[in-house]
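The structure appears below as structure tokens.
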Amino acid sequence: MATDKTSRISFRLKTDVWEAIKTQSAAAGIEPSRFMQDALEQTVMSHLPEDRQKELRDMRKLYAIAEERAHAIHAAGKFDESFILTVFRDLMSNPDTRKLYEDVINDDAYADKAEGKTPINMYLAWYIKNAIGAYRLMDDSNKPRRAFVKNEPIKSYTLLTLDAPG
């Protein structure tokens, strides 16, 4: 089952190392934070229990598929403020991807109370948004606008825009 236990860390990097990370992550088509997270997980993977290794591999695969689908859907001109929902629906329409998602959350994709869904859905939304360089759509009081849905794997999501804030 996916875990929502994370630790926020902060550290400094030498400028040339940071520049190399940005260059390599751009070449890989991913955000620098994702690049660093992947590198760190790979470094310690063999020191984790086998079931945790499988869970991490499955999550990485799911996130990569979500990013790929986000790129493809965006390239097809199907971006709108509900882009996160659009990509989720696309992911669930593929039986293999849906099964992978269900393996990661350890429940049915459309189950309301699946424990593992919240952290995975939050990460998936983050990967989808960042895959195409979108921004959160803000309301008049500068809070992210959200949409709520029923009968979907997600219950709410942040609306997106391609316009940079400010």
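None of the figures in this text is laboratory data; all of them are computed from the coordinates on show. The structure displayed is predicted, hence computed values, not measured ones. Backbone-built Cβ (ideal geometry, glycine too); neighbour counts: all protein chains shown.
Once you've got the Cα coordinates, tell me which of 78/150; 22/129; 129/155; 22/117; 22/78; 99/129 are over 26 Å apart.
The answer is 22/117; 22/78.
When a footprinting reagent is the concern and you count Cβ atoms within 10 Å, what order do 149, 17 take, fewest first?
If I rank by nearby Cβ atoms, fewest first, I get 17, 149.
Per DSSP H run of n ≥ 4, the term is -39500 (n - 2.57); total these for the chain, divide by its residue number, and report the mean residue ellipticity at 222 nm rounded to 500 deg cm²/dmol.
Helix contribution divided over all residues of the chain: -17500 deg cm²/dmol.
Convert each backbone phi in segment 81-86 into a coupling constant with the Karplus relation 6.51 cos²θ - 1.76 cosθ + 1.60 (shift: θ = phi - 60°), then list the ³J(HN,Hα) values in order as whole Hz, x for Gly and Pro.
5, 9, 4, 4, 5, 4
If each Cα of segment 52-161 is one equal point scatterer, what is log10 of I(q)/I(0) from the Debye formula at q = 0.19, 0.21 Å⁻¹?
These q points yield log10 I(q)/I(0) values of -0.96, -1.15.
Fewest Cβ neighbours within 10 Å first, please rank 148, 35 accordingly.
Sorted ascending by nearby Cβ count, the order is 148, 35.
Assign unit charges at the C-beta atoms only (+1 for Lys and Arg, -1 for Asp and Glu), then state the dipole size of the chain relative to its Cα centre in Debye, rounded to the nearest 20.
Here the size comes out at about 300 debye.
For residue 156 and residue 14, what does the FRET efficiency come to when R0 = 30 Å and r is the distance between their Cβ atoms, rounded to the nearest 0.05?
Efficiency, from the Cβ-Cβ distance: 0.15.
Would you be so kind as to identify which of 95, 64, 25 lies farthest towards the positive end of the dipole of the chain, taking Lys and Arg as +1 and Asp and Glu as -1 on Cβ and the Cα centre as origin?
Most positive-ward Cα: 25.
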